[in-house]
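Below: one structure, written as structure tokens.
Only the coordinates and a few stated rules stand behind these numbers; no lab work does. Quick caveat: nothing in here was measured; it's all calculated off a predicted structure. Quick reminder, even Gly has a Cβ in these numbers, built from the backbone with ideal geometry, and neighbours come from all protein chains shown.
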Amino acid sequence: MSLVKITKKDLEEFLNSVKIDESFFAFVDHVKSNFNAKVYIISDGFRLFIKKILGNYTNKVDGIYANYLYFINNKFKTLYKYSKKDCNLGVCKCDLVNKLKTDTNIYIGDGMSDFCATKHADFVFAKGKLLNFLKAQNVSHFTSFSYFEDIINQLPFVLEKLHEERGYTGHRK
């Protein structure tokens, strides 16, 4: 990143052009209001970009775990606060998912940096390279999605299945 040369204005214009799945915001609201659950963003990307893209919605998520990026004198400086020696990623998602684990853990991902983290999830919503990986590994606790709206629609069924597998009775959040 230190080799990238960009002005602060160009960076702002670029980040303003990034499109996010609009149903992500509805997903966060749905999970927090209907299930009283925590929503974390665990990314091997950069916190600065995520916060800019989410804007005021940053306050709705319970934590953003991503690489730090500072813009100083038209150059990027990086800090990999969540890396681990034995992990090839800037953010060791396996470690974080394991540390943040609660009673029921749903993981959502789409890339190679998500492969390891899915081992610590009760259920995975996957697309892209992650979906292909889970299929190839014959993992059974996942389903595909295209948009967060798909997850909103599938979540009640997934939770019911998990609760049945654990022997819970009645409705559970």
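By a straight-distance test (C-alpha under 21 Å), which lysines pair with residue 101 as possible cross-link partners, with residues fewer than eight away in the same chain excluded? Cα-Cα hits under 21 Å: 32, 38, 60, 81, 84, 93, 119, 161, 173. Once C-alpha pairs closer than 8 Å and six or more residues apart are averaged by separation and normalised to the residue number of the chain, the relative contact order reads 19 percent. Full extension of the chain between residue 164 and residue 144 gives 5.1 nm of extra length, using 0.36 nm per residue less the Cα-Cα distance. Exactly which trypsin sites (Lys or Arg not before Pro) in region 1-85 are in a DSSP loop and have at most 16 other Cβ atoms within 10 Å? Qualifying residues, ordered by number: 19, 38, 81, 84, 85. For region 1-108, the set of GluC sites (Glu not before Pro) satisfying both a DSSP loop assignment and a count of at most 14 other C-beta atoms within 10 Å is given as 22. Using the Cβ-Cβ distance between residue 62 and residue 3 with R0 = 41 Å, the FRET efficiency computed as 1/(1 + (r/R0)^6) comes to roughly 0.75.
Here the chain carries DSSP beta bridges of which approximately 35% are antiparallel, counting only pairs with both residues inside. Spin-label model, residue 10/residue 153: points 7 Å from Cα along the beta carbon direction are separated by 4.2 nm.
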